[in-house]
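Notes follow once the structure below has been shown.
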Amino acid sequence: MFHIKIKLCVSFILLISWCATAQIPNYNYERSLKGISDDWHSVTIPDNVFGKLQPSFQDIRIYGINEKMDTIEVPYYLKVNKDHLVIKEHSCQIINSSKTDDGYFYTIKLNQQSDISDIKLLFADANFDWKVNLEGSHDQKQWFNILENYRILDIDNTSTDYSYTNLKFPTANYLYYRIAVKSDKQPTLTSVHIFMQKLTDGILIDYKVKEIKTSQDKKMKSSEVEFELVNPVPVSSMKINVNGSNDYFRPISMRYLLDSVKTEKGYLYNYTTFKRGTLTSLEDNEFEFNSTMAKKFKIVISNGDNQPLDIKSVEVKGFKYELIARFTESADYKLVYGNKSVHKPQYDIINFKNNVPVNIKALTVGNENQISKKNVQSKTSLFDNEIWLWSIMGIVILILGGFTYKMLGNTVKD
């Protein structure tokens, strides 16, 4: 009798162990990871993986199987290689204004001589188009050219509200700056803001754009530029290249395909706007925005009474997404993903990013394989529900407790 109880206890313990193993989530895809040689490695997320993930990327795991056939879960954190922009504003004051035949001059003094790269001019005037010169000096005796015939303008009407009055130039270091505005009437300069912008570039990936289709909506006086990427990916910038040399200022809205509905007449596409701006010949027409996961896009250009623009091409880029992972033992490791029900993992290393070595080796990610569900669903479907799992484990513990109590009682009697 005692031996039978022992066997039952062992069986229940094995059942608990099997239940714990069954808690490993059921994923749809896997890729092998090769080249593991150190404790820390990076894993770049392939383009065709994004469309199979949850929006927050919480269903990515790195699992390994060691020689003892134990399952190892590798901790990681997600790194998005974004641009890092530091902007420092310097206090200044307008100390002099004057007029000559060449235009209107404004002398600005920094409260402390520093490196600067941008000057933002604010005017009370509207609807202007002026050329400006910018000079720098240490003592107001000798002046050095920084910008010449730099164009600033403001357009304010029923169809366009656009202002470009930022002076951008390579880093300069003077105590005094002189701005010459070439205008027939005196500008009303209300304030000047001086900045130093330091940009640490992120790592951008170019995404291939399929054929661009342009159509005209004569009723709305607008152009629609539609294009599609190879895969759904996180996009963070677009550059719109326009043919021609004529000046233009066109309000635009940038949209991505949210969903589609099949009707008797075909598919009905639902787009949502994620960025608004102005397409202009004054700038490079590169628009930055928060990373947006999408595959199909539409750009709507408001033409007003103007001829439609000839869109040459669209360049689409996104920041590099990678996993920074720590490997502690030798095993056969795989990247697994594709699970709608799994929760976001909680790893300690997210709090210790500063301890990660600077230069770590990137692993080679293999081809995608679909994980077979044969003999897996029948074994784990019951235990995928946490309520069932904990209920069964509770019953097992009660039964084990009863057996243990009886065994102890029999031992005392003997």
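The values are calculated or read from the model by the stated rules, or taken from the named source; none is laboratory data. What you see is a predicted model, and the numbers here were worked out from it, not measured in a lab. We place every Cβ from the backbone using ideal geometry, glycine too, and count neighbours over all the protein chains shown. The area values use the complete protein model at the heavy-atom level, side chains included, leaving out ligands, DNA and RNA. Shrake-Rupley method; radii C 1.70, N 1.55, O 1.52, S 1.80 Å.
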Legend entry - Residues satisfying the stated conditions in segment 122-170, i.e. assigned to a strand (DSSP E or B), open to solvent by 80 Å² or more (accessible area, probe 1.4 Å), under 22 Å from residue 112 (Cα atoms) and free of Cβ contacts under 8 Å to residues at least 24 places away in the same chain: 145
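Could we say that residue 173 is farther than 30 Å from residue 101 by Cβ and touching a Gly at 6+ places or on another chain (Cβ under 6 Å) here? Steps first, answer last, please.
Working: farther than 30 Å from residue 101 by Cβ: yes; touching a Gly at 6+ places or on another chain (Cβ under 6 Å): no.
No.
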Legend entry - One residue from 108, 36, 62 being outside any strand (DSSP E or B), of a type in the set (A, V, I, L, M), surrounded by 16 or more Cβ atoms within 10 Å (Cβ to Cβ) and at pLDDT 95 or above: 36
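If you check residue 358 against the conditions, is it more than 28 Å from residue 218 (Cβ to Cβ), of a type in the set (A, V, I, L, M, F, W, C) and surrounded by 15 or more Cβ atoms within 10 Å (Cβ to Cβ)? Lay out the reasoning, then the answer.
Working: more than 28 Å from residue 218 (Cβ to Cβ): yes; of a type in the set (A, V, I, L, M, F, W, C): yes; surrounded by 15 or more Cβ atoms within 10 Å (Cβ to Cβ): no.
No.
Taking segment 337-353, which residues are of a type outside the set (Ser, Thr, Tyr) and closer than 13 Å to residue 75 by Cα? Write out each step before concluding.
Quick first cut of segment 337-353, residues of a type outside the set (Ser, Thr, Tyr) only: 338-340, 342-346, 348-353.
Scanning segment 337-353 gives 344, 345, 346, 348, 349, 350, 351, 352, 353.
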Inset, instruction - Go through segment 171-276 and tell me which strands (runs of 3 or more DSSP E), entirely inside it, have 2 or more residues that are closer than 30 Å to residue 45 by Cβ. - result: 189-200, 204-207, 222-243, 249-263
Inset, instruction - Read through the list (1) among the hydrophobic types (A, V, I, L, M, F, W, C); (2) open to solvent by less than 60 Å² (accessible area, probe 1.4 Å); (3) over 32 Å from the mean Cα position of the chain (by Cα), then give the number of the only condition that residue 205 fails. - result: (3)
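What tally of residues in segment 171-197 results from selecting those that are hydroxyl-bearing (Ser, Thr, Tyr) and surrounded by 14 or more Cβ atoms within 10 Å (Cβ to Cβ)? Quick ask: steps written out before the conclusion?
Restricting attention to segment 171-197, the residues satisfying the condition of being hydroxyl-bearing (Ser, Thr, Tyr) are 171, 174, 176-177, 183, 188, 190-191.
Next cut, surrounded by 14 or more Cβ atoms within 10 Å (Cβ to Cβ) only: 174, 176-177, 183.
Counting residues in segment 171-197 that are hydroxyl-bearing (Ser, Thr, Tyr) and surrounded by 14 or more Cβ atoms within 10 Å (Cβ to Cβ) gives 4.
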Inset, instruction - Quick one: residue 275 ticks every box in (1) charged (D, E, K, R); (2) exposed (fewer than 12 other Cβ atoms within 10 Å of the Cβ); (3) over 30 Å from residue 26 (Cβ atoms) except a single one, so which number is it? - result: (2)
Legend entry - Any hit, segment 218-233, residues being of a type in the set (Phe, Trp, Tyr), surrounded by 17 or more Cβ atoms within 10 Å (Cβ to Cβ) and in contact with a helix residue (DSSP H, G or I) (Cβ under 8 Å, 6 or more places away or on another chain): no
Inset, instruction - Please work out which residue is most open to solvent (accessible area, probe 1.4 Å), limiting yourself to segment 65-82 and to residues that are in contact with a Phe, Trp or Tyr (Cβ under 8 Å, 6 or more places away or on another chain) and in a loop (DSSP other than H, G, I, E, B). - result: 82
Inset, instruction - Exactly one condition in (1) more than 22 Å from the chain's Cα centre (by Cα); (2) modelled with pLDDT of 95 or more is not met by residue 296; state its number. - result: (1)
